[in-house]
Each structure stands twice: as C-alpha cells, then as structure tokens.
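Novice: Okay, handing you the structure first.
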Ligand SMILES: *Cc1c(COP(=O)(O)O)cnc(C)c1O
C-alpha cells in the first residue's frame, strides 16, 4: 500500500481493488431502464434479501436513496422528524424541501441518536415520517442500539408514520454489534444503504423496501435523472464488495479504536464504536482547520467538521502502517 498519503477524510476515497476491477470488466450487462441488466437485478435481489425486504432499487448515490425513501413516506407539505445532525438535513443540499416539498423538524439528540420519548413528544398530525441514521456520521460513527430502534418503531407505528433508515453505514453497525442485518431491516419501512463507503465500491447505493414502494421509487428515480443503462458494470463492484469487504470492516473498527487511543484526550476510544473517530479540540493547542492543513502538508488528510472538531475515518485503503503514520504526524501537532 502506498503510504505517501494517508487519507482519513472519508471512507468514500477508496479506489477499486484489482479484483473489483476484474469483476466489473466481466459483468454481464443490459439496459437497466428496460429492466434488462442481469447484474443490477442480482444486486438488487441480493441486498433486499440481506435486509429481509421484498425489493431494492439501485441508485447512483446515498443521497438519491435517502430522498426517494423520504418521498415515499412524506407527501409535499408533510413533516419529517430527524436529529439536527442528520445527513438528510446537513449534506443533501436541501433536496427534501426542494424536490420533495418536505418540511424537516429537528429533535435534539446525543451523538445523533434520537430518544424515542422526545420523538413521541414532538409528533403532530402533519408528521409523516421519522428518519434515523445507522451508523451516525456526525455522531462519530455511533450505533443505534437495536432496543432504541424497536422503541422508535413502536412510536412510529402508534402514530401511523413511516420510519426511514439512512443506512449508509448499516454494514458497520452490523459488524460492530453482531445484530443481524435482517433485524435492522425489519424495523424500517424504507432504508438506503451505500456500497461506496466502507465496502469500497466506486459508486452505488440502494433503496430497500416493499415491492410496491420500490416500484414507485423506480418512477421517482427516473424523474430525478437516476435511470442508468448498462449499470451492471457498476453493480458488479457492489456484488464484489459484499463478497469480499463486509467482514473486514472489523479491521477498520480496530484501527479507528487504535487511532482514538493514540489521540487521547482529544479522542474518546470508548465512544469510537465503528470506523469514525471524532476529535474534540476545544482544549487543544491547535484549531481544527490548522490541524487539518498542517497534517495535510505531511501527507495525512483529515476533515475539520467544525471550528474545534475533526473527523478521521478508516477504510479499505488505510492499513496498520497507515495508522502508525497518522499517529506519528497528528500526535506532535496536538502535543499528546
Ligand atoms: C455518505 C452518506 C450518505 C450518502 O452520500 P452520497 O454521497 O450521496 O452517496 C448518506 N448518509 C450518510 C450518513 C452518509 O455518510
């Protein structure tokens, strides 16, 4: 592995492995807008089955998967409840409001994880859905305990509203906790899952739900320009990722914990549950922006996520030597 750059900005920066490229080159393809791409169909069936749902729809991005999921539950003028740090709110360019006419209302949370009692207290007639994020990105890769999700589902059912799971990193939650993917899947009416994060595919996410909802999602996908033709070349990367890169997410989690331990007291290793390390630099001798720029000059890339917060993400292209290198650069800058 090339260690001239250790890129900890995101788990989206991975490049396809040789094996993945071979699988892509060998993919059987057809026109997916005609429903004729066998590799896309295989991926959709495989992912639906993994989550215990009837159907899935291959989409170009997690953002599109989320937005389709929200629109299937919330009509224009309806309300979505989510936490204030939710990806659907912070990083999707206003799409819920812009394309869906959806009003979002936020519920306070700790590390991005909604408290079912607080959600129940905020429900009102115009609320049509609740969104959760598994694992939680801005929450530092935090994992929703399955009991909390069960409670949220109960709250949603009692109010007759939908529960959407932004499962971009649901794979990490599954590997970290051992909770079966089908158990997570059973609690959400719609899910979006990403193949382009820790699983290391270059492109691709899926919307997962019932046959009926996915059929409507397919129509909405077309209206957003998300109908793709010989997409089997890309779907093959996703199938390869599920075969080869799922179990190894545990390595990313161990490396994230090692990073957090080495960066105490600015990181909390006990709060590092998956592949994301959150640094709190409130009491550090360097600002988040300065740390990111100085580390970058030494070949260790990370993202400032606020004036005094930095995010480090482990993935397929960061090995043990990369973690050593990152610690050797970051520790002196932080004086720890
Ligand atoms: C990355 C991510 C997405 C999807 O992002 P795209 O760049 O649109 O694929 C959705 N939710 C979360 C929590 C994410 O981290």
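Computed from the coordinates by the stated procedures, all read-outs in this text should not be read as laboratory data. The structure displayed is predicted, hence computed values, not measured ones. Ideal geometry is used to build each Cβ from the backbone, glycine not excepted, and the neighbour counts take in all protein chains shown.
Novice: For the chain, what relative contact order do you get, as a whole percent, if you take Cα pairs closer than 8 Å and at least 6 residues apart?
Specialist: Working: 724 pairs, mean separation 84.6, N = 336.
Relative contact order for the chain comes out at 25 percent.
Novice: Taking Cα centroids, how far is the stretch 1-51 from the stretch 232-267 in Å?
Specialist: The stretch 1-51 and the stretch 232-267 have Cα centres separated by 15 Å.
Novice: Please check which bits of the stretch 227-251 a label hung off residue 34 would reach, taking the label as a point 7 Å along Cα-to-C-beta and the cut-off as backbone N under 17 Å.
Specialist: Label zone hits: 227-233.
Novice: Using a Förster distance of 30 Å, how high is the FRET efficiency between residue 25 and residue 54, based on the Cβ-Cβ distance and rounded to 0.05? Let's see the in-between values first.
Specialist: Working: r = 31 Å, r/R0 = 1.05.
For residue 25 and residue 54, the calculated efficiency is 0.45.
Novice: With a ≥ b ≥ c taken as the square roots of the eigenvalues of the C-alpha gyration tensor of the stretch 90-206, please select rounded if a/c is under 1.5 and otherwise prolate if a/b is larger than b/c or oblate if it is not?
Specialist: Details: a/c = 1.73, a/b = 1.25, b/c = 1.39.
Cα axes put the stretch 90-206 in the oblate bin.
Novice: A further question on this structure: Where is the GNM fluctuation largest for the chain (alpha-carbon springs, 10 angstrom cutoff): 66, 137, 275?
Specialist: 137
Novice: Still on this structure, I have one more. Label the stretch 92-151 by shape, choosing from rounded, prolate and oblate, from the square roots a ≥ b ≥ c of the eigenvalues of the Cα gyration tensor; if a/c is under 1.5 it is rounded, and otherwise prolate applies when a/b is larger than b/c, oblate when it is not.
Specialist: It is oblate, given that a/c is not under 1.5 and a/b is not larger than b/c.
Novice: With a cut-off of 8 Å between alpha carbons and a minimum separation of six or more residues, what is the relative contact order of the stretch 222-336 in percent? Show your work: numbers first, answer last.
Specialist: On the way: 138 pairs, mean separation 29.0, N = 115.
The value is 25 percent.
Novice: By its C-alpha gyration tensor, with a ≥ b ≥ c as the square roots of the eigenvalues, how is the stretch 183-336 shaped: rounded for a/c under 1.5, else prolate for a/b larger than b/c, else oblate?
Specialist: On the way: a/c = 2.27, a/b = 2.17, b/c = 1.05.
Judged from the Cα gyration tensor, the stretch 183-336 comes out prolate (a/c at least 1.5, a/b above b/c).
Novice: Once label points are set 7 Å from the Cα along Cα→Cβ at both residue 93 and residue 269, what is their separation, rounded to one decimal in nm?
Specialist: So the two model labels end up 4.1 nm from each other.
Novice: Can you grab the distance from the C-alpha centre of the stretch 120-175 to the C-alpha centre of the stretch 272-325, Å, no decimals?
Specialist: About 28 Å separates the Cα centre of the stretch 120-175 from the one of the stretch 272-325.
Novice: If you rank 169, 71 by fewest surrounding Cβ atoms within 10 Å, what's the result? Please report the intermediate quantities before stating the final value.
Specialist: On the way: 169 29, 71 25.
Lowest to highest Cβ neighbour count: 71, 169.
Novice: Restricting things to alpha carbons, tell me how big the chain is in terms of Rg and Dmax, in Å.
Specialist: Looking at the chain, its Cα Rg and Dmax stand at 19.8, 59 Å.
Novice: Shifting gears a bit: Considering all projection directions equally, how large on average is the shadow of the alpha-carbon convex hull of the stretch 189-259, in square nanometres? Working shown, then result.
Specialist: Working: hull surface 24.9 nm².
For the Cα atoms of the stretch 189-259, the hull's average projected area reads 6.2 nm².
Novice: I've got another one for you. Tell me what the chain gives for mean residue ellipticity at 222 nm when only DSSP H runs of n ≥ 4 count, each as -39,500 (n - 2.57), the sum divided by the residue total, rounded to 500 deg cm²/dmol.
Specialist: Details: 14 runs with 143 residues, N = 336.
After summing the helix terms and dividing by the residues of the chain, the value is -12500 deg cm²/dmol.
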